[in-house]
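The values are calculated or read from the model by the stated rules, or taken from the named source; none is laboratory data. The structure displayed is predicted, hence computed values, not measured ones. Every residue, glycine as well, gets a Cβ built from its backbone with ideal geometry; the counts of neighbours run over all protein chains shown.
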Amino acid sequence: MTLLGWVQIALTLGLVFAAAFPLGKYMSLVYQGQRTWLSPVCGPVERGFYTLAGVDPQRGMGWKEYAFALILLNALHFALLYAILRLQYYLPWNPQGITAMSPQLAFNTAASFVTNTNWQAYVPEAQISYGAQMLGLGVHMFLSACTGIAAAVAVIRAFTSGGLKTLGNFYVDITRTALYLLLPIVLVATVYFIGSGMPQNLSAYASATTLEGASQTIALGPVAFQEAIKELGTNGGGFLNANSGHPFENPTALTNLVENFLDLVIAFSLAIMLGHMVGEKKQGRALFYAMAILLSLGAAGAYVAESGGNPLLTHIGVDPTMGNMEGKEVRFGVAASTVFNVSATGTSTGAVDSFTDSYMPLGGLIPMFLMQLGEVTPGGVGSGLYTMVVFALLSVFVAGLMVGRTPEYLGKKVQAKEIKLAMLALLILTLFILGGAGISLTTASGLGSLANAGPHGLSEMLYAWTSASENNGSAMAGISADTPLLDFGLGFAMLAGRFAFMIPVLAIAGSLAAKPKLPPSAGTFPTTGPLFVGLLIGVIIILGGLQFMPADSLGPLAEHYTLMTGKTY
């Protein structure tokens, strides 16, 4: 560890934390329909879309109608993306003549990009055309991000007043997300990325002759634009197989910082937006502080774990000064690599500039555990915020049990119905993570997908099901995922992790919206101070620990102690 390394981590997180406050305020204006500095440009376009689509922006939707509109639109886009992947050979912009994906891989990929997971069981350079990238994957990077943010906005509206019958209009929320938030930032980031050396073209792949005289094919394409939405929308799907470890996707240390910033900024800003929309800024800041503390601890822990080097290599004389550099870019180093990895798994991004399979066992455990906590540090765009609200409800419920009082959150009584729905949502994720990994490890197909035996092999499989169910999309590179078991199994886990979780959350929002908003009383548990932040962090960690640490103990923890004895598998 070095002072420069700590400064790199602090600079990355500090820039994000500082930017979240003005961006959160701006977003609150957007979703409350108030005028912003982009209104003169985006307003006419927004109204034109409503006219063409026959949408009445003043008509609100109850939670069931909101959920139905959300599911229907995403189901239609799932079918459209599946068709694009199966027919990509016939689409324009396919200079390589890339053929159709197999049915099982197309299903997995469609489920992946519709759910904001962006799990890639394929090699992008060889298995997907420019046309499919732009018309299929690129479109869904926007749509999935808009869907998550819209659901979060609907949940926030439930706390803005009492006796509400609607949660807003889903079509209005996704339109405003795209026009006022995602597109402007993506366009600016794309211009910067192009200037930094990322390709943005439709050219055929280039051929080069290496110094040894061999021929090398160099993949090109419209990389810069997809890189911007990949990070900003917490998508993570790389245009190239090496993702942000590839110099075309991440040319310099400065682009690495910008990508990391884009990855985190909206998710943190949503907590600040909540405070503005409910009229109590401290409420949003409490959630923000919990997210920030957990992410900072994760970044620090991963940096410590990776800075010590590999004891097996140190034992045979390798200098450990640079830390564990296996699977990392020399141009980024340990500190920038670990904070990028932790940011990507603390959100639902899954993008990587280093490879988790090569991390030390404890360094690999931290990203996996951040996902297992529910992707709330700060989580994906939208999904992190509404999942954090679920944990906040559970926290005030625990506090209510201690003092024998009906719990309240943001002026709404939290009763049995909301707690049952909250636990249903969380247990859906646990079922797919532990059940999916357990079943896979008892089948020949599942075991055949692993490149490693012993605890590390268990970690690879557990990480895959965690990543899919939590809609993250990162993976340990030692797992071969394009098999019927994992293509279909992980595909269904992605869909359940997104929509089977989201529907109970919207049901909670609908239930709370209809309740009166009560003023604080002498018996109200305060949800803005350090006590609540500590309780919230404790509930998140304890729930994660109780559910997943037994399995994690057999994987990364067992590997760590085995490694300390000098043994390998």
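Could you check, for segment 154-177, whether at least one of its residues is in contact with a Cys (Cβ under 8 Å, 6 or more places away or on another chain) and among the hydrophobic types (A, V, I, L, M, F, W, C)?
Yes: segment 154-177 contains one or more residues that are in contact with a Cys (Cβ under 8 Å, 6 or more places away or on another chain) and among the hydrophobic types (A, V, I, L, M, F, W, C).
With respect to Leu187, is the statement that it is buried (at least 22 other Cβ atoms within 10 Å of the Cβ) and either of a type in the set (Gly, Ala, Ser) or at pLDDT 95 or above (or both) true? Even if it seems obvious, please write down each step before you answer.
On the way: buried (at least 22 other Cβ atoms within 10 Å of the Cβ): no; either of a type in the set (Gly, Ala, Ser) or at pLDDT 95 or above (or both): yes.
Taking the combined requirement at face value, the residue does not satisfy it.
Of all residues in segment 513-568, which are in contact (Cβ under 8 Å) with a residue 60 or more places away in the chain, more than 30 Å from Ala152 (Cβ to Cβ) and part of a loop (DSSP other than H, G, I, E, B)?
The answer is Gly566, Thr568.
Residues of segment 112-131 being outside any loop (DSSP other than H, G, I, E, B), at pLDDT below 95 and among the hydrophobic types (A, V, I, L, M, F, W, C), which ones?
Scanning segment 112-131 gives a single hit, Ala126.
Here is a list: Gly275, Gly213, Gly238, Gly279. Which entry is buried (at least 23 other Cβ atoms within 10 Å of the Cβ) and modelled with pLDDT under 95? Even if it seems obvious, please write down each step before you answer.
Details: Gly275 fails: modelled with pLDDT under 95; Gly213 fails: buried (at least 23 other Cβ atoms within 10 Å of the Cβ); Gly279 fails: buried (at least 23 other Cβ atoms within 10 Å of the Cβ).
Being buried (at least 23 other Cβ atoms within 10 Å of the Cβ) and modelled with pLDDT under 95 holds for just one of Gly275, Gly213, Gly238, Gly279, which is Gly238.
Can you tell me which residue is surrounded by the fewest Cβ atoms within 10 Å (Cβ to Cβ) among those in segment 132-184 that are part of a loop (DSSP other than H, G, I, E, B) and among the aliphatic types (A, V, I, L, M)?
Narrowing segment 132-184 to residues part of a loop (DSSP other than H, G, I, E, B): 158-169.
Then keep just the ones that are among the aliphatic types (A, V, I, L, M); that gives 158, 164, 167.
Details: Ala158: 25, Leu164: 20, Leu167: 27.
For segment 132-184, the residue satisfying everything is Leu164.
Failed condition for Gln58, given (1) among the polar types (S, T, N, Q); (2) closer than 20 Å to Gly510 by Cα; (3) surrounded by 13 or more Cβ atoms within 10 Å (Cβ to Cβ), with all others met?
So Gln58 meets the others, but not (3).
Within segment 185-220, restricting attention to residues that are of a type in the set (Gly, Ala, Ser) and assigned to a helix (DSSP H, G or I), which residue is nearest to the chain's Cα centre (by Cα)? Quick ask: steps written out before the conclusion?
If we filter segment 185-220 for residues that are of a type in the set (Gly, Ala, Ser), which is where we start, we get 189, 195-197, 203-204, 206-208, 213-215, 219.
Those left that are additionally assigned to a helix (DSSP H, G or I): 189, 195.
Values: Ala189: 19, Gly195: 27 Å.
Taking the candidates together, the pick is Ala189.
Given the condition touching an Asp or Glu at 6+ places or on another chain (Cβ under 6 Å) and either touching a residue at least 24 places away in the same chain (Cβ under 8 Å) or among the acidic types (Asp, Glu) (or both), answer yes or no: does some residue in segment 140-153 qualify? First the steps, then the outcome.
First, the residues of segment 140-153 that are touching an Asp or Glu at 6+ places or on another chain (Cβ under 6 Å): 150, 153.
Pick out the ones that are also either touching a residue at least 24 places away in the same chain (Cβ under 8 Å) or among the acidic types (Asp, Glu) (or both) and you get 150, 153.
Yes: segment 140-153 contains one or more residues that are touching an Asp or Glu at 6+ places or on another chain (Cβ under 6 Å) and either touching a residue at least 24 places away in the same chain (Cβ under 8 Å) or among the acidic types (Asp, Glu) (or both).
Collect the residues in segment 397-424 that are part of a helix (DSSP H, G or I), touching a residue at least 40 places away in the same chain (Cβ under 8 Å) and surrounded by fewer than 22 Cβ atoms within 10 Å (Cβ to Cβ), keeping them in residue-number order.
Step one: list which residues in segment 397-424 are part of a helix (DSSP H, G or I), which gives 397-403, 416-424.
Keeping just the survivors that are touching a residue at least 40 places away in the same chain (Cβ under 8 Å) gives 398-400, 403, 417-418, 421-422, 424.
The answer is Val398, Ala399, Gly400, Val403, Lys417, Leu421, Leu424.
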